[in-house]
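The structure appears right after this line, and notes come after that.
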Amino acid sequence: SATCKLQQSGHFLPWASCQMLSIKGINTTVGQEQQASLKGKQVLEDLKMHPARSETEALFHEQPETGNQYLEDTLLRSYLKTHLPPKVLEEVHQDLERFGNRLYTKIQPLSWECELNPPVFRQYDAWGQRVDHIYTCSAWRRMKEISAEEGLVAEAYERRYSNWSRLYQAVKLYLFSSSSGGFSCPLAMTDGAAKVIESLGTPGSLKSAFDRLTSRDPQKFWTSGQWMTERRGGSDVANGTETVARKQADGSYRLYGFKWFTSAADSDMTLTLARIADAEGQCTQGSRGLSLFFLRVRDEEGKLNNIQVQRLKDKLGTRQMATAELWLQGARAELISAEGRGVAAISNMLNITRIHNVIGAVASMRRMISLSRDYARKRVAFGKLLKDHPLHMQTIARMEVQVRGAFLLLMEIVRLLGLAETNLASEQEQLLLRLLVPVAKLYTGKQASAVAVEAMESFGGQGYMEDTGLPVILRDSLVLSIWEGTTNILSLDVLRSLVKSQGQVMAAFLSSVQKKLELASGTEELSPAVQRTREAIGRLQQFMAGAGSEQALTMELAARDFSYSLARIYTGRALLMEHAARPDASSTDVCAALRWCNQELCPVAVESARGSYGGGAALQDSALVFGSS
């Protein structure tokens, strides 16, 4: 913004260059000053002497741009046209086109402002009084208002479109995510908190909170935190939660403990886990000792609820959002779960936040590929546009296949969630949802970071420059395989779903796959993909039959590859092939399905055949990591 105009020849120099010339003439000898002056004149003469320079200046890199994200996303629009009832589609289409324009013209600039102005923590005021104030920029606060105005949480709970409301909300969040300046994270936790309160029957004491979490009024809208992680915690909340809840005479509780990682620390409320102390001050350990609490972060006067902010986290990415370490020093809270049933009560929140994680992953991939595609139309290298280099286009095409599969997997889980929330889901669909949420979260989290790294290369050195905004997308995508459960944690959760359902979720998975394959088998162009998928299913079933008699360690070692196999098979057969088998499917749809199924669909069977899970494999892994004596 600070540019120094040089009158001669109408040329410009960067502000820093002008400053440098001026500074050289200060506090120097006369000879040095004259030398600096001569250098300055030489710069101006160079600009004048080279007429070719004015021509080449016009050949600087063209900035990649996107327009209305909704109108440009042909896969999204074709999916909605295929699945939504006509009346719903008509209304939704109009709103999404309007929202796409708002994102492009109004919201995207706010996103960059959030990145440039991260939150600042002020612990004391000028007079030494402790204030623990977290300052956020005006753009961040505006994002909160926009989220309310657009109903980015409310849409799912108003249920104007019955079971399609949840899918519609997910689509808006998908479009919003890459322009949200990190505000998608507080929305995830807000949605999760609303879901927990609704699942508890919206008790009277929480009705006001629920109404605020789902409000479209910016003045009333609340966001929620999710304070689970403690110093010993991470995903192991059962053994890592040390926060203690002490019951008061009026029936409320006071919480005492240290929360190590609290995202969106500027939120209005939070849900958190704690152990209730008995009359002797003793607490039950393990998951059975955890209960769920609701608390306001500040009172009506804006004072913190007996909470002290220790510091803000210095993170690799998501710098737009305040993540803090908090001391709870008697924070007043309300018990909202049955005593000792906190983990069960919070599960609904985790399901929602994991789905939001998938939304963020798919959105970041789509953003990077859209920019790469536009850049390929503008950038000239070796005498022709990048789009005319076959190898370059092959690379982008491979990424496009990944994002198409991830998008359809996202749409599948929100479709199933919408059915479940309106009591329209069959037992098989509910089982399928239980399995697919962790599968989708772990797989798309890995896809997002891989696509971000690959896409950065498509911009050459410009992809590495901070002021292009591209490194922001990469940094923010890296957390997607960590938040809400790492890849390994979720892989083990997939195994738990099989055990707890006594194999019913796997039966539902296989049944759904077979039905979709039958539909796709009627399309001749898809026959190679159908055949490869059937072979993959056969190898998956063979692995499971053999693994049934193995020790638990074998299945644990196979958990990640097993989950990847489920993701690839389901995405290939149920989604990409189903989409390509539509009567009005394009050649692009067919090509994407065929290419997806060209990859190894069942890596767990391949690794099992190599002996990666049995015969002392765990000991070999340890020896490789730590070295053998």
Which numbered condition trips up Arg582, out of (1) in contact with an Asp or Glu (Cβ under 9 Å, 6 or more places away or on another chain); (2) surrounded by fewer than 23 Cβ atoms within 10 Å (Cβ to Cβ); (3) at pLDDT 95 or above; (4) of a type outside the set (Asp, Glu)?
(3)
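Could you tell me whether segment 245-252 includes any residue that is of a type in the set (Lys, Arg), assigned to a loop (DSSP other than H, G, I, E, B), modelled with pLDDT of 95 or more and surrounded by fewer than 24 Cβ atoms within 10 Å (Cβ to Cβ)? It would help to see each step written out before you state the result.
Within segment 245-252, the subset of a type in the set (Lys, Arg) is 246-247.
With the extra rule that they be assigned to a loop (DSSP other than H, G, I, E, B), the set shrinks to none.
No, segment 245-252 has no match at all.
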Residues in segment 380-407 that are in a loop (DSSP other than H, G, I, E, B) and open to solvent by less than 80 Å² (accessible area, probe 1.4 Å): how many?
2
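Considering only segment 257-278, I want to know if a residue exists there that is loosely packed, with under 13 Cβ neighbours inside 10 Å and either modelled with pLDDT under 95 or farther than 17 Å from Ser337 by Cβ (or both).
yes
Would you mention how many residues in segment 199-208 are farther than 13 Å from Leu417 by Cβ, assigned to a helix (DSSP H, G or I) and open to solvent by 10 Å² or more (accessible area, probe 1.4 Å)?
4
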Enumeration of residues in segment 222-238 that are touching a residue at least 40 places away in the same chain (Cβ under 8 Å) and closer than 18 Å to Leu295 by Cβ:
Trp222, Thr223, Ser224, Gly225, Gln226, Trp227, Met228, Val237
Out of curiosity, is Lys195 basic (Lys, Arg), in contact (Cβ under 8 Å) with a residue 40 or more places away in the chain, assigned by the TED database to the domain that holds Ala322 and surrounded by 19 or more Cβ atoms within 10 Å (Cβ to Cβ)?
no
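So is Leu432 more than 21 Å from the chain's Cα centre (by Cα), closer than 23 Å to Ala580 by Cβ, open to solvent by less than 10 Å² (accessible area, probe 1.4 Å) and aliphatic (A, V, I, L, M) or not?
On the way: more than 21 Å from the chain's Cα centre (by Cα): yes; closer than 23 Å to Ala580 by Cβ: yes; open to solvent by less than 10 Å² (accessible area, probe 1.4 Å): yes; aliphatic (A, V, I, L, M): yes.
Taking the combined requirement at face value, the residue satisfies it.
With segment 106-190 as the region, which helices (runs of 4 or more DSSP H) entirely inside it contain at least 3 residues that are of a type in the set (A, V, I, L, M)? Lay out the reasoning, then the answer.
Values: elements: 108-116, 138-149, 154-158, 165-177.
Correct list: 138-149, 165-177.
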Return the residue satisfying two criteria in turn: it lies in segment 323-371 and is under 22 Å from Ala238 (Cβ atoms) and among the acidic types (Asp, Glu), and of such residues it is most open to solvent (accessible area, probe 1.4 Å).
Glu339
Name the pairs whose Cβ atoms lie under 6 Å apart, with the first residue in segment 273-286 and small (Gly, Ala, Ser), the second open to solvent by 20 Å² or more (accessible area, probe 1.4 Å), and 6 or more positions between them or separate chains?
Ala277/Val244; Ala277/Arg246; Ala277/Cys283; Gly286/Ala238
I need the full set of residues from segment 537-565 which are surrounded by fewer than 24 Cβ atoms within 10 Å (Cβ to Cβ) and among the aliphatic types (A, V, I, L, M), in order please.
Ile537, Leu540, Met544, Ala545, Ala547, Ala552, Leu553, Met555, Leu557, Ala559
Looking at segment 420-437, can you tell me whether even one residue there is touching a residue at least 12 places away in the same chain (Cβ under 8 Å), hydroxyl-bearing (Ser, Thr, Tyr), within 22 Å of Gly192 (Cβ to Cβ) and outside any helix (DSSP H, G or I)?
yes
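State which residue is nearest to Gly182 (Cα to Cα) when the search covers only segment 247-278 and only residues that are acidic (Asp, Glu) and in contact with a Ser or Thr (Cβ under 7 Å, 6 or more places away or on another chain).
Narrowing segment 247-278 to residues acidic (Asp, Glu): 250, 266, 268, 278.
Those still in the list that are in contact with a Ser or Thr (Cβ under 7 Å, 6 or more places away or on another chain) too: 266, 268.
Numbers: Asp266: 13, Asp268: 17 Å.
Applying the filter and picking the extreme gives Asp266.
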Determine which member of the set Ser147, Ser162, Ser177 is in contact (Cβ under 8 Å) with a residue 60 or more places away in the chain, open to solvent by 10 Å² or more (accessible area, probe 1.4 Å) and within 23 Å of the chain's Cα centre (by Cα).
Ser177
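The values are calculated or read from the model by the stated rules, or taken from the named source; none is laboratory data. Note that the structure is a prediction, hence the values are computed from the model and not measured. Using ideal geometry, Cβ is built from the backbone for each residue, glycine included, and neighbour counts are taken over all protein chains shown. Remember, those area values only see protein heavy atoms, side chains included, never the ligands or the DNA or RNA. Shrake-Rupley method; radii C 1.70, N 1.55, O 1.52, S 1.80 Å.
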